[in-house]
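Novice: Questions regarding the structure given below will be posed in turn.
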Amino acid sequence: MMVAGSLPWAAAEALGTSVPELAAYQDEPPQMKSGTIGKTGYLRLGFETRGSRTILATLERRVPYLAQRALYCDQEMPDLATVFLITTTGCLLQGDRMALDLQLGHGAQAHVTSQSATKIHGMDANYAVQTQTVTLAKDAYLEFVPEPIIPHRRARFVSNTQVCVAPSATLLLSEILQPGRKHHHPDECFGATVVSLSVAAVRPDGRTLFTEKLMIEPERFAMRQVGVMNAFDVFGNVILCTPKDKAERILERVEADVRMADGIAFGACRLPNDAGLIYKVLGHNTAQVKAKVREFWGIVRKEVTGADLPPPFLWR
Amino acid sequence: MADAATTVQVSALAHMLQFGDSMFPIGGFAFSSGLESAVQKGAVTDASTLLAFTRTAVEQAARGDGIALVAAHRAAMAGDVTELIRIDEAVYARKLSDEARTMSVRMGRKFTEMGVHVLGAPLLHAWHDCIRKGQGHGCYPVALAINFAVQALSERHAFAVHQYGIAASILGAALRLMKVSHLDTQKVLYELSGDIETAYERAAKARLTDMSGYAPLMEILAAVHIKAHVRLFMN
């Protein structure tokens, strides 16, 4: 939540000092102090409709966060505003505080993704925090589908996303989490110290929809345990907020299966308070998980907007 | 010769056994907490994978519902119904699969009704009214906490009963779903009960907003169960 009158990244700072999973890591980096210039990224993107098209009406940015302009590169939805999130430092380091604010006005349609994977470097002091607020007005449609998160060994990362979604709007929020650079070092697979990812959603009138807090602390809770990751390496988590009738049509079309031999598992459940669906995927490699997320995204787009997905980018 | 304090302890123990019994008639036998899909899909095949699966379930419960249970016990001791409603909503908002919600709400409501009937304490009546008026969902950890609080049974014991109940219901389902003996399931149950004390110490210090978890395969198994055509259990 943004506190009135304070700097936008103050929420990230406050989160880092209040959550118990970071209590043991409050020391300052010997390099640049946490939360200083260059370590507090901020990006505010406001989308609005102009005629049939959605434009990027507001853009505020602060390094290392960067966005340039809306592109209209989706052949299937030519009025859809596409924005690539860029981090000029190319990764998250200890002491980084990032804040992202996405707002979609009445009927706006946007696709937000990142330029490349978010790498979170190993840490020996402090931690990295990211806060995101996503606000969707009536009939808005947002696909927020960033590239995967790659936590390196000894990374400490907390992310908090606050969603406020109107009953008629649709939000597709995808996150793909890799176990680390698993071919780089034997300790790299689930080598992060803390990865904490939370999403809380409400209606504009303040009614609670759902909350999810995923907490990965491999040293405390075994990752290879039955029911947790088993032999799977990559995890995809897709939250879909959409009206109930659309959610039911989508759920009807989405498959669910666990194929231990093929190394893939996926399925969707209904979120509480008629908020929509949550779709989860486990796989051995990122490509498998991305393909399943894309399949789900394709069904969502078709059922909600009537449009198909464009062919996948060759190098993404 | 038994003194007064021992007499109180003995009846308290009997009451805990009654309300913590896996056969307590609140419908727990109808739920497998994902084990049915896990067995069908080959994620649980023998006693050792059953132990690991059940351990995941009780760990998730301790990190999530267990924290709410402790908070609800404290709110119930203070007679704070508004706080109980808030905790109940927080539990419900974190149940991200349909069947997990159904289980929590059904068992919680039955448990509350049973408490009203057997104990009749004013707080139980007040909570039952809240559920009937739609002010509360009636989730199980909150129901258990109120029940124990009105009997002056400690939050520590309520937590133990909650954790034991999760393991016992999965292991009860295991006997009907897979090739495993009573000897094996009792061994698993005994082993998992040894972890309850440490899990309680952690939950007792946590805030409601600290409720968390991480068991993606369990959640996918729940999604598979929703789509399954032939089902013995309700989750």
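Nothing in this text is a laboratory measurement; each read-out follows from the coordinates by a stated rule. The shown structure was predicted, so the numbers you read here are calculated from the model rather than taken from an experiment. Note that each Cβ is placed from the backbone with ideal geometry, even for glycine, and that neighbours are counted across all protein chains shown.
Novice: Show me the ranking of peptides B:56-62, A:16-22 by mean Cβ neighbours inside 10 Å, starting with the highest. Numbers along the way, then the final one.
Specialist: Details: B:56-62: 23.3, A:16-22: 17.9.
Ranking the peptides B:56-62, A:16-22 by packing returns B:56-62, A:16-22.
Novice: Quick one: Cα centre-to-centre distance for the stretch A:189-217 and the stretch A:31-94, in angstrom?
Specialist: So the two Cα centres are separated by 22 Å.
Novice: Determine ³J(HN,Hα), in whole Hz, for all residues of the stretch A:89-95 in sequence, where each value follows from phi through the Karplus function 6.51 cos²θ - 1.76 cosθ + 1.60 and θ = phi - 60°; x replaces Gly and Pro.
Specialist: Running phi through 6.51 cos²θ - 1.76 cosθ + 1.60 with θ = phi - 60° gives 7, x, 5, 9, 10, 4, x Hz.
Novice: Also: Counting Lys and Arg as +1 and Asp and Glu as -1, each charge on the Cβ, what is the dipole of the protein assembly as shown about the Cα centre in debye, to the nearest 20?
Specialist: Working: 56 positive and 55 negative charges, 145 e Å.
The dipole of the protein assembly as shown has a size of about 700 debye.
Novice: Would you order B:219, B:191 from fewest to most other beta-carbon atoms within 10 Å of each residue's own beta-carbon?
Specialist: B:191, B:219
Novice: Could you please state, rounded to a whole Å, how far the C-alpha centre of the stretch B:196-235 is from the C-alpha centre of the stretch A:111-178?
Specialist: 23
Novice: Just to check I understand the Karplus step: with θ = phi - 60° and J = 6.51 cos²θ - 1.76 cosθ + 1.60, what whole-Hz values come out for the stretch A:112-117, glycine and proline as x?
Specialist: Working through the residues one at a time gives 10, 9, 10, 6, 7, 4 Hz.
Novice: Right, here's the next one. If you wrap the protein assembly as shown's Cα atoms in a convex hull and average its projection over all directions, what's the area in nm²? Please list the in-between numbers first.
Specialist: Working: hull surface 108.5 nm².
Spelled out: convex hull of the Cα atoms, projected over all directions, averaged, 27.1 nm².
Novice: In addition: Within chain B, what is the number of lysine pairs with alpha carbons under 26 Å apart, leaving out pairs fewer than eight places apart on the same chain?
Specialist: Here the count comes out as 11.
Novice: Still on this structure: Fewest first, what order do A:157, A:296 take by the number of other Cβ atoms within 10 Å?
Specialist: Lowest count first: A:296, A:157.
Novice: Determine the principal axes of the Cα atoms in the stretch B:28-227, then give the extent along each, sorted from largest to smallest and rounded to whole angstroms.
Specialist: Computed over the Cα atoms, the extents are 46, 35, 33 Å.
Novice: Starting from the Cα-Cα distance between residue A:106 and residue A:37, subtract it from 0.36 nm times their residue separation and give me the gain in nm to one decimal. It would help to have the intermediate numbers written out before the result.
Specialist: Numbers: separation 69, 0.36 × 69 = 24.84 nm, distance 3.44 nm.
Extra length available between residue A:106 and residue A:37 comes to 21.4 nm.
Novice: What's the ranking of A:134-144, A:283-293 by average number of surrounding C-beta atoms within 10 Å, highest first?
Specialist: Highest-to-lowest ranking by the protection proxy: A:134-144, A:283-293.
Novice: Provide a whole-number value for the mean count of partner chain Cβ atoms within 10 Å of the Cβ atoms in peptide B:59-71.
Specialist: Mean shielding by partner chains, rounded to a whole number: 1.
Novice: When the Cα centres of the stretch A:252-281 and the stretch B:73-95 are compared, how far apart do they sit, in Å?
Specialist: What the calculation gives is 30 Å, centre to centre.
Novice: Looking only at other chains, what is the average number of their beta-carbon atoms within 10 angstrom of each beta-carbon in B:36-45?
Specialist: Going residue by residue through B:36-45 and averaging, the value is 3.
Novice: What does the average come to when, for each residue of peptide A:235-241, you count the partner chain Cβ atoms lying within 10 Å of its Cβ?
Specialist: Average neighbour count from other chains, rounded to a whole number: 1.
Novice: Next question, about the same structure. In nanometres, what is the gap between the two model label sites at residue A:205 and residue A:125, each 7 Å from Cα along Cα-to-Cβ?
Specialist: 5.1
Novice: Near residue A:302, which aspartates and glutamates are there with a Cα under 15 Å away, not counting those fewer than 8 places off in the same chain?
Specialist: Qualifying aspartates and glutamates at Cα under 15 Å: A:74, A:76, A:143, A:245, A:248, A:252.
Novice: Continuing with this model, one more query. Taking 0.36 nm per residue of sequence separation and subtracting the Cα-Cα distance, how much length would be gained by fully extending the chain between residue A:305 and residue A:116, in nm to one decimal?
Specialist: Gain in length upon complete extension: 65.4 nm.
Novice: Let me ask something else about it. Evaluate the charge dipole of the stretch A:137-186 about its Cα centre and quote only its size in Debye, nearest 20, assuming +1 on the Cβ of each Lys and Arg and -1 on the Cβ of each Asp and Glu.
Specialist: Magnitude of the dipole: close to 460 debye.
Novice: Considering amide H positions built from the backbone, and no H for Pro or chain starts, which residues 5 or more places from residue A:133, or on another chain, come under 5 Å of its amide H?
Specialist: A:100, A:101, A:102, A:162
Novice: While we're on this one: If neighbour count is taken as other Cβ atoms inside 10 Å, put B:212, B:154 in order from fewest to most.
Specialist: Going from least to most buried by this count: B:154, B:212.
Novice: Could you calculate the FRET efficiency of residue A:181 with residue B:11 from 1/(1 + (r/R0)^6), where r is the beta carbon distance between them and R0 is 60 Å, rounded to 0.05? Display every interim value, and only then the final one.
Specialist: Details: r = 59 Å, r/R0 = 0.99.
Here the calculated transfer efficiency is 0.50.
Novice: Dipole magnitude of the stretch B:28-227 about its Cα centre, charges +1 at Lys/Arg Cβ and -1 at Asp/Glu Cβ only, in debye to the nearest 20?
Specialist: 300
Novice: Would you mind computing the Rg to Rh ratio of chain A from its alpha-carbon coordinates, Kirkwood style for Rh?
Specialist: 0.94
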